[in-house]
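J.: Quick one: the structure is below, questions incoming.
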Amino acid sequence: MSEKVKVTIDNIEIEVDPGTTILNAARMIGGDIVPPAMCYYSKLKGSGGKCRTCLVKVSQGSAKDPRPMPKLVASCRTTVMDGMIVQNITSPEVIEARKGVVEFLLINHPLDCPVCDQAGECHLQDLSFEHGKDQSRYEFKRRTFEMIDIGDNIKLHMNRCILCYRCVYTADQITNQRVHGVLGRGDASEIGTYISKAIDNDFSGNVIDVCPVGALTDKTFRFKNRVWFTKPVDAHRDCDKCCGKVTLWYKGEDVIRVTGRKDQYGEVDEFICNTCRFDKKKTNDWTIDGPTKVSRHSVISANHYEEKELLPVIDRKIL
Amino acid sequence: MTQKILLKDINVPGINTFDVYRKQGGYAAVEKALKTMSPDDVVEEVKKSGLRGRGGAGFPTGMKWSFLAKPEGVPRYLVCNADESEPGTFKDRYLMTHTPHTLIEGMIVSSYALGANTSYIYVRGEMMPQIRILEKAIAEAKNAGFLGKNILGSGYDLEVYVQPGGGAYICGEETALLESLEGKRGNPRIKPPFPAIAGLYGCPTVVNNVESIAAVSWIVVNGGDEYAKIGIGRSTGTKLISASGNINKPGVYEIELGLPVEEFIYSDEYCGGIANGKRLKAVVAGGSSVPILPANLILKLANGQPRLMSYESLSEGGFATGTMLGSGGFIVMDEDSCIVRNTWNFSRFYHHESCGQCSPCREGTGWMEKVLHRIEYGHGKMSDIDLLVDVAKKIEGNTICPLGDAAAWPVASAIRHFRDEFEWHVKEPNAAMEGNYGLANYADPIPVVETAN
């Protein structure tokens, strides 16, 4: 491995391997300085750079060439240079640009969180909240689509799609039968299926996991519960198609959803097959590994209370 | 009289055929380069010439060539960008139509300089006549031994192919062009890596405009120093200008860079003045993607000196009082022109042509177009004007490729210089619907420029 390079992000210095992107360097530091990412997905080759939510300011290109980069850059696709200085939340320009992106995304993405199954797991919902933008100044008619079934278990609701291309990359890279992609151009672009409106292969369910908003949803889970009322549990099984490592989402004793295990940035660790995702909905099908670790800041943790220690003055016997 | 380089033989009958072109001294550059010069010598001459990319950005061509990576065993490509489609720009198709061998000769010499054995001319799909003309010219050159294996016995092999594009404006952006050439949807790539490192099929590639490549032959024959003597400052050589709008003589003109804008508009050699004796109101100097300038700013610099047709002079003052030479699409508007309607028209184009990959461009171009439509048709609100400025600002610089900037700049500059006209459209919707907003409607009219002749 060649020598490490030093990069400073929002006044915090870190040494990383050459070739690391600014976003991943920020993720190594963690905390508030990590730029948001709607289209970048570390497990998908070539993803990123499209949504422009991860724009940052490079106020010093490198130690050798300290000139600032003339424009804001997509942190998910820009690799660090030794001595680079990056501003994310410390730059008003970045915050303003990001607000603009959120407003653009909200033009054709209704914040219909009360009915959307992605509520509580939606990155745009988080962005909207973080940037104080709950709507766009756009006053014209929004484009609307009928919901369509693409395959037996997946529903596409184009109204909510922000064209991040993640599902297209997923279908392209981890399935052997890509039958959908982006059709049309400009604001008339849409995710479309080519043949029979069906995505039918063993790994097609992963397009649901990678969707950052509620455009692609699991038909076996739709409207069954709000995510923060469910209990996520890590489990595994021997599977001849995939790693078999999943998160089971319980409602009471019932498994109502199965997803890939996700990291703190909402990206699955390993993609899972449709058999594990859609067909194995009984506890007996799985070996339970334990409760899923959920950040206490996550809405998913909102309904998971630890048993509090009783104050010494309260006598347990009287309870 | 301006020295002509690209269009010097344009009036010679049959100049579009190989035989006539050859009799006029054509293909001398190929002979000279392949027989007496090394590829590096050619690159050096182009560097000396100071030739800057004629597609719009104005990046020095020789320097761009010198960035080309040269890994062992990996092919290199030259791609000619003939996807000309910006409103107001029509110079490349003129050159390809009337003197195609100028381009083919330039392709051979440039490919030799770059070490490319396969080169492509990517032509906009709608330009079928030009595609046929180029294919015929290539066949003629090949029959004469200027293309194919062992050209002129030099040991250098080259094949040039004409590839029709998909007919999308975005395919004129160099990385989208490469995607399209590879048979994929014409979406711009995120840079870096730049095409000089990883371009067509992942190999080192140079993408040059038609006019840039066509100029290389003259530079090789006459020397880079001679070319650098033409023009002014860092704007060397000649430039094709597509002049359109309210002028007496619209057309394609070859000018020496440094020509005063006023002379270009009013002299009989070029545009011949404003049509119907009207007064000049505004000019878009470099194709629809560059900022518009009102009459007083397009003719004079802030210090009162005449503004010149050069990269530096046109951009003097930044976007506050300047614009860009761009691709040389010179659109002249007279006193009866409606700035709001023209801006809306440009905006419609960019909305339609946005590829939709990145959020600000995909959503912002449509938003601006709809607001402009509303103002133009008498339903605008005063707050719409600031909204447009704000949306343009949110797009500018935040997109994957320059199409976002191209969409934002015309809107922002039109409001910067003609805000009162936008306000008038909002305040007097019926009057705005009835007729255009001419100079007479200005509360504080812009200085009227008297004709030069």
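J.: Considering only residues that are assigned to a strand (DSSP E or B) and either of a type in the set (S, T, N, Q) or away from chain B (no Cβ under 14 Å) (or both), which ones fall in segment A:38-83?
T.: Answer for segment A:38-83, where residues must be assigned to a strand (DSSP E or B) and either of a type in the set (S, T, N, Q) or away from chain B (no Cβ under 14 Å) (or both): A:S59, A:Q60, A:T79.
J.: Next question, about the same structure. Of the residues that sit in segment B:360-399 and are among the small types (G, A, S) and under 26 Å from the mean Cα position of the chain (by Cα), which one is farthest from A:I107 (Cα to Cα)?
T.: B:G397
J.: Which pairs do you get when a residue that is farther than 20 Å from B:A214 by Cα, found in segment B:61-72, comes within reach of a residue that is open to solvent by 90 Å² or more (accessible area, probe 1.4 Å) and assigned to a loop (DSSP other than H, G, I, E, B), reach meaning Cβ atoms under 7 angstrom, with the pair 6+ apart or on two chains?
T.: The qualifying pairs are B:A69/B:I197.
J.: With respect to B:A33, is the statement that it is touching a residue at least 12 places away in the same chain (Cβ under 8 Å), over 30 Å from B:G329 (Cα atoms) and in contact with a helix residue (DSSP H, G or I) (Cβ under 9 Å, 6 or more places away or on another chain) true?
T.: Yes: the conditions hold for B:A33.
J.: Show me the strands (runs of 3 or more DSSP E) entirely contained within segment A:239-291 in which 1 or more residues are open to solvent by less than 20 Å² (accessible area, probe 1.4 Å) and at pLDDT 95 or above.
T.: Once the strands (runs of 3 or more DSSP E) in segment A:239-291 are filtered for at least 1 residues that are open to solvent by less than 20 Å² (accessible area, probe 1.4 Å) and at pLDDT 95 or above, what remains is A:245-251, A:254-260.
J.: Tell me which residues, restricted to segment B:107-126, are open to solvent by less than 10 Å² (accessible area, probe 1.4 Å) and either within 18 Å of the chain's Cα centre (by Cα) or of a type in the set (D, E, K, R) (or both).
T.: Within segment B:107-126, B:I121, B:Y122, B:V123 meet the criteria.
J.: Output the residues belonging to segment B:64-77 that are at negative phi and either open to solvent by less than 40 Å² (accessible area, probe 1.4 Å) or more than 19 Å from the chain's Cα centre (by Cα) (or both).
T.: Once the filter is applied, which keeps residues that are at negative phi and either open to solvent by less than 40 Å² (accessible area, probe 1.4 Å) or more than 19 Å from the chain's Cα centre (by Cα) (or both), segment B:64-77 yields B:W65, B:S66, B:F67, B:L68, B:A69, B:K70, B:P71, B:E72, B:V74, B:P75, B:R76, B:Y77.
J.: Among A:P212, A:P232, which is open to solvent by less than 10 Å² (accessible area, probe 1.4 Å) and assigned to a strand (DSSP E or B)?
T.: Answer to the check: A:P232.
J.: Evaluate the following for B:F18: is it open to solvent by less than 50 Å² (accessible area, probe 1.4 Å) and closer than 25 Å to B:V123 by Cβ?
T.: Here the answer is yes, as B:F18 does meet what is asked.
J.: Now, a different point. In segment B:390-418, which residues are without any contact (Cβ under 8 Å) to a residue 24 or more places away in the chain and in a helix (DSSP H, G or I)?
T.: If the condition is that a residue be without any contact (Cβ under 8 Å) to a residue 24 or more places away in the chain and in a helix (DSSP H, G or I), then B:D390, B:K393 are the ones that fit.
J.: Exactly one of (1) open to solvent by 50 Å² or more (accessible area, probe 1.4 Å); (2) of a type outside the set (G, A, S); (3) within 30 Å of A:S298 (Cα to Cα) is unmet by A:M81. Its number?
T.: The number of the failed condition is (3).
J.: Report, by residue number, each residue of segment B:287-318 that is open to solvent by less than 10 Å² (accessible area, probe 1.4 Å) and over 18 Å from B:H417 (Cβ atoms).
T.: Result: B:M309, B:S310.
J.: Quickly run through segment B:28-57 and pick out the residues that are hydroxyl-bearing (S, T, Y) and surrounded by fewer than 22 Cβ atoms within 10 Å (Cβ to Cβ).
T.: Once the filter is applied, which keeps residues that are hydroxyl-bearing (S, T, Y) and surrounded by fewer than 22 Cβ atoms within 10 Å (Cβ to Cβ), segment B:28-57 yields B:T36, B:S38.
J.: I've got another one for you. Here are B:K249, B:K281, B:K239: which of them is within 19 Å of B:K300 (Cα to Cα) and in contact with an Asp or Glu (Cβ under 9 Å, 6 or more places away or on another chain)?
T.: Selected residue: B:K281, the only one of B:K249, B:K281, B:K239 that is within 19 Å of B:K300 (Cα to Cα) and in contact with an Asp or Glu (Cβ under 9 Å, 6 or more places away or on another chain).
J.: Only one of (1) under 20 Å from B:F90 (Cα atoms); (2) more than 22 Å from the chain's Cα centre (by Cα) is not met by B:T343, so which one is it?
T.: (2)
J.: Also, quick follow-up: Would you confirm, using the coordinates I've provided, whether B:G397 is more than 9 Å from every other protein chain (Cβ to nearest Cβ) and farther than 19 Å from B:M333 by Cβ?
T.: In short, no.
J.: Ok, one more. Output the residues belonging to segment B:328-337 that are open to solvent by 10 Å² or more (accessible area, probe 1.4 Å) and touching a helix residue (DSSP H, G or I) at 6+ places or on another chain (Cβ under 8 Å).
T.: B:D334, B:E335
J.: Take the residues in segment B:345-365 that are farther than 19 Å from A:R166 by Cα and touching a Gly at 6+ places or on another chain (Cβ under 8 Å); name whichever of them is nearest to the other protein chains (Cβ to nearest Cβ).
T.: B:S354
J.: Report whether or not B:L387 is more than 18 Å from B:I170 (Cβ to Cβ), without any contact (Cβ under 8 Å) to a residue 40 or more places away in the chain and at the interface with chain A (Cβ under 8 Å from one of its Cβ atoms).
T.: For B:L387, the condition - more than 18 Å from B:I170 (Cβ to Cβ), without any contact (Cβ under 8 Å) to a residue 40 or more places away in the chain and at the interface with chain A (Cβ under 8 Å from one of its Cβ atoms) - is met.
J.: Residues in segment B:267-283: is at least one surrounded by fewer than 22 Cβ atoms within 10 Å (Cβ to Cβ) and under 30 Å from A:G186 (Cα atoms)?
T.: Checked against the condition, which is being surrounded by fewer than 22 Cβ atoms within 10 Å (Cβ to Cβ) and under 30 Å from A:G186 (Cα atoms), segment B:267-283 yields no hits at all.
The values are calculated or read from the model by the stated rules, or taken from the named source; none is laboratory data. Predicted model, so just to flag it, every value in this text is computed and none were measured. We place every Cβ from the backbone using ideal geometry, glycine too, and count neighbours over all the protein chains shown. Protein only, heavy atoms only, side chains kept; ligands, DNA and RNA dropped before computing areas. Shrake-Rupley method; radii C 1.70, N 1.55, O 1.52, S 1.80 Å.
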